[in-house]
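The values are calculated or read from the model by the stated rules, or taken from the named source; none is laboratory data. This is a predicted model, so every value here is computed, not measured. Counting neighbours? That spans all protein chains shown, and the Cβs are built from the backbone with ideal geometry, glycine included. Surface accessibility is based on the protein's heavy atoms, side chains included, excluding ligands, DNA and RNA. Shrake-Rupley method; radii C 1.70, N 1.55, O 1.52, S 1.80 Å.
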Amino acid sequence: MLRQSAPLGKNGAALPKLKPLHWDKVRQAPNRRMVWDRIRSSSFELDEQMIESLFLYNSRLSAKHEEAQSRSPSLGNHVLDPKRLQNITILMKAVNATAEQIYAALLHGNGLSVQQLEALIKMAPTKEEVEKLSGYDGDVESLVPAERLLKAVLTIPCAFARVETMLYRETFADEVGHIRKSFAMLEDACRELMSSKLFMKLLEAVLKTGNRMNVGTARGGAMAFKLDTLLKLADVKGADGKTTLLHFVVQEMTRSQKSPTRAAEGTDIGTGLAAELTNVKKTATVDLDVLTTSVSSLSQGISRIKELVGSGLSGDERNGCFVAFMAPFVSQAEEVIRELEDGERRVLGHVRDITEYYHGDVGKDEASPLRIFVIVRDFLGMLERVCKEVRGVKNFHAWNPVLN
């Protein structure tokens, strides 16, 4: 057989070999018109000098690359699924630590950051993968780095339970701090709603206005109303089509102020309530279910760690350092969690008290324990806009032609 001759350039010299572009060639279809039929080979000219300078084939580098590929195990020799191995390899880069460093950290219980521990947890093998790695009795060096790392880590008793324990310990202080801050904010919000004199005056104004609006109907003569009513004040419009019942209440409250200066400004209600109910607005963004679940998760987590340290790792000298390092933390964490559970009961009691303070015996009527805070937060936003409109008009009666 004759060897294929090297392609020649315009000057008759053989064209140098370039780096290959791997693609799938499409076969021509004689009975079908294709876009490729419209491409003329002479319409595009390559800058041969440029392409050779950029992509000339380097035989020495290529030989090294092929040699490295030949040394690495083929996909068929991998113990784990290739796609899974690819994910683990990516996570190894996030861990950014040697197998020896990881091994030592798991034995002692410290030495890895939160980011490293989170990546390690995502690398945790399934039961089937553990069996495959444990059952592999071939040359460990023939495995890829990801498999060698997992095989080494799995020789440590309860390896990934240790990782979870270390992550729990590293994140414990931040989690507790967030929960305490949320509890304190909830308690402050309850105190604000209980003690706000301006909010009390607003409710009195709305109650009197509403009873006047409802004279002669079954809704008249009310002694109290659900706070949801506050959100409906802006929906009731006057004869001019722009003055709402909320405008009227704001103006009447402002006019009733004893100080002529404050009455003229017309700003006290909006800014005053916003100042008195600062934590109420913040509390409206809290998800109480998530908060209580966080406390429960901390409690369940420390129970698992206590069991691991107390009995799961007993009887093996290699576990001594880990147990000794974690034992003081377990005692301290249990005390903190008891304090959080007491705080949770106290805060939930305050939330129920404030809801019943405004809505009476709520029973199961309230879909969310913090709904009352959401209502007040939304109302304060409406009130602020209306106060700006009233403040922008020096004479409310002159602004409203119906009153004139």
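Please indicate, with yes or no, whether at least one residue in the range 258-275 is part of a loop (DSSP other than H, G, I, E, B), at pLDDT 85 or above and open to solvent by 80 Å² or more (accessible area, probe 1.4 Å).
Within the range 258-275 (the criterion being part of a loop (DSSP other than H, G, I, E, B), at pLDDT 85 or above and open to solvent by 80 Å² or more (accessible area, probe 1.4 Å)), the answer is no, since none of the residues qualifies.
Of all residues in the range 154-185, which are among the polar types (S, T, N, Q) and open to solvent by 20 Å² or more (accessible area, probe 1.4 Å)?
Of everything in the range 154-185, those that are among the polar types (S, T, N, Q) and open to solvent by 20 Å² or more (accessible area, probe 1.4 Å) turn out to be Thr155, Thr171.
Which of the residues that make up the range 391-404 are modelled with pLDDT of 65 or more and either among the hydroxyl-bearing types (Ser, Thr, Tyr) or open to solvent by 80 Å² or more (accessible area, probe 1.4 Å) (or both)?
Selection gives Arg391 alone.
Does Gly241 satisfy being modelled with pLDDT under 85 and of a type in the set (Gly, Ala, Ser)?
Spelling it out, Gly241 is indeed modelled with pLDDT under 85 and of a type in the set (Gly, Ala, Ser).
Can you list residue pairs whose Cβ atoms sit under 8 Å apart, with the first residue in the range 319-348 being charged (D, E, K, R) and the second being part of a helix (DSSP H, G or I) and open to solvent by 70 Å² or more (accessible area, probe 1.4 Å)? Count only pairs 6 or more apart in sequence or on different chains.
Filtered contacts from the range 319-348: Glu334/Lys306.
Spot the failing condition for Asp137; the list is (1) at pLDDT 90 or above; (2) open to solvent by 30 Å² or more (accessible area, probe 1.4 Å); (3) not in a helix (DSSP H, G or I); (4) not small (Gly, Ala, Ser), and only one is missed.
(1)
Among the candidates Lys201, Lys151, Lys127, which residue alone is out of contact with any strand residue (DSSP E or B) (no Cβ under 8 Å at 6 or more places or on another chain), within 30 Å of Ile372 (Cα to Cα) and either open to solvent by 40 Å² or more (accessible area, probe 1.4 Å) or at pLDDT below 95 (or both)?
None of the other options fit; the residue is Lys201.
Looking at (1) under 30 Å from Ser331 (Cα atoms); (2) under 29 Å from the mean Cα position of the chain (by Cα); (3) in contact (Cβ under 8 Å) with a residue 24 or more places away in the chain; (4) open to solvent by 30 Å² or more (accessible area, probe 1.4 Å), which is the only condition Asp188 fails?
If we test Asp188 against (1) under 30 Å from Ser331 (Cα atoms); (2) under 29 Å from the mean Cα position of the chain (by Cα); (3) in contact (Cβ under 8 Å) with a residue 24 or more places away in the chain; (4) open to solvent by 30 Å² or more (accessible area, probe 1.4 Å), just (1) comes out false.
Please go through (1) of a type in the set (D, E, K, R); (2) touching a helix residue (DSSP H, G or I) at 6+ places or on another chain (Cβ under 8 Å); (3) modelled with pLDDT of 90 or more for Lys388 and return the number of the only condition it doesn't satisfy.
(3)
Does Ala99 qualify as being of a type in the set (A, V, I, L, M, F, W, C) and farther than 25 Å from Gly310 by Cα?
Judged against the criteria, Ala99 is a match.
Of all the residues that make up the range 76-124, how many are assigned to a loop (DSSP other than H, G, I, E, B) and touching a residue at least 40 places away in the same chain (Cβ under 8 Å)?
Residues flagged as assigned to a loop (DSSP other than H, G, I, E, B) and touching a residue at least 40 places away in the same chain (Cβ under 8 Å) within the range 76-124 amount to 7.
If the Cβ limit is 9 Å and pairs must be 6+ apart or interchain, which residue in the range 277-302 that is at positive phi pairs with which residue that is surrounded by fewer than 17 Cβ atoms within 10 Å (Cβ to Cβ)?
The qualifying pairs do not exist here.
Give the residues of the range 112-152 that are within 26 Å of the chain's Cα centre (by Cα) and farther than 18 Å from Pro82 by Cα, sorted by residue number.
Leu112, Ser113, Val114, Gln115, Gln116, Leu117, Glu118, Ala119, Leu120, Ile121
Here is a check on your reading of the model: is Asp235 open to solvent by 30 Å² or more (accessible area, probe 1.4 Å), farther than 30 Å from Leu117 by Cα and of a type in the set (Asp, Glu)?
It is true that Asp235 is open to solvent by 30 Å² or more (accessible area, probe 1.4 Å), farther than 30 Å from Leu117 by Cα and of a type in the set (Asp, Glu).
How many residues are open to solvent by 80 Å² or more (accessible area, probe 1.4 Å) and farther than 23 Å from Val376 by Cα when one looks only at the range 214-229?
Of the residues in the range 214-229, 3 are open to solvent by 80 Å² or more (accessible area, probe 1.4 Å) and farther than 23 Å from Val376 by Cα.
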